[in-house]
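Engineer: Got a structure for you, questions after.
The values are calculated or read from the model by the stated rules, or taken from the named source; none is laboratory data. Only a predicted model underlies this, so the values are computations on that prediction, with no experimental measurement involved. Note that each Cβ is placed from the backbone with ideal geometry, even for glycine, and that neighbours are counted across all protein chains shown.
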Amino acid sequence: MNKIISTAAAVFLCISQLAAQENPQESPNTIENQFVEVVDGSNSYQEFKVIKKTEINKLRSNILDTISGLEGKITSLNTEIDSQKNEIASLSQNLKRTEEDLALSQKKENGIEIFGILTQKSTYNTIMWSVVGILLVALAFFIYKFKNSHAVTRNVRLKLAETEIEFEKARQTRIEEQQMLRRKLQDEINKNRKLQG
């Protein structure tokens, strides 16, 4: 049976070759067309087709060449696919790194570094204006305290000056009283001397 099929294939191949030589532009030289040519070009015997060995061997050789070529293409395509997968993986990693760098750059652009800590500009502005506000309130409080204590100091100095004036007046009054008392005493002593003498 195998010999018959081989013979039939060979005959089919021979016939297809002859037909291909006669009409080279009619149909492409595909495996299917070659089978059709070998089978159609072979002789019939009862229910069987008689194919020349040379045609079936030629068809087998063509099929094996085609299979070999296709296997080479498959290997080449698999290598190319693997290469593209590696390239895609590499590009994916690069994209991920680029996205991370972009996110970090945007974070740095939208933030300000304070004492080595990256903070958002809005947070930084809030902190800075809070500090400025606290400093302004503290400055106003110290100015108020300074003016208040300055006024207190001025009042105290004024009262001290008044007290010194009053003290000086009181001292003058005492000195005058003492002088009067000494005169009176001296007058009394003088009177007593006159009376005794």
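Engineer: Do we find that VAL156 is within 60 Å of the chain's Cα centre (by Cα) and in a helix (DSSP H, G or I) in this structure?
Structural biologist: It is false that VAL156 is within 60 Å of the chain's Cα centre (by Cα) and in a helix (DSSP H, G or I).
Engineer: Considering every residue within region 65-72, establish whether at least one is touching a Ser or Thr at 6+ places or on another chain (Cβ under 6 Å) and β-branched (Val, Ile, Thr).
Structural biologist: Initial filter on region 65-72 (touching a Ser or Thr at 6+ places or on another chain (Cβ under 6 Å)): none.
Looking through region 65-72, none of the residues is touching a Ser or Thr at 6+ places or on another chain (Cβ under 6 Å) and β-branched (Val, Ile, Thr).
Engineer: Now a separate question. Against the definition (on the phi > 0 side of the Ramachandran plot, polar (S, T, N, Q) and modelled with pLDDT under 80), how does GLN17 come out, yes or no? Step through it out loud before you land on a result.
Structural biologist: Details: on the phi > 0 side of the Ramachandran plot: no; polar (S, T, N, Q): yes; modelled with pLDDT under 80: yes.
No; evaluated as a whole, the condition is false for this residue.
Per-residue answers, yes or no, for (1) within 30 Å of ILE31 (Cα to Cα); (2) under 33 Å from the mean Cα position of the chain (by Cα); (3) touching a residue at least 40 places away in the same chain (Cβ under 8 Å):
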position	(1), (2), (3)
ILE56	yes, no, yes
SER68	yes, no, no
LEU91	no, yes, no
PHE115	no, yes, no
SER122	no, yes, no
ASN125	no, yes, no
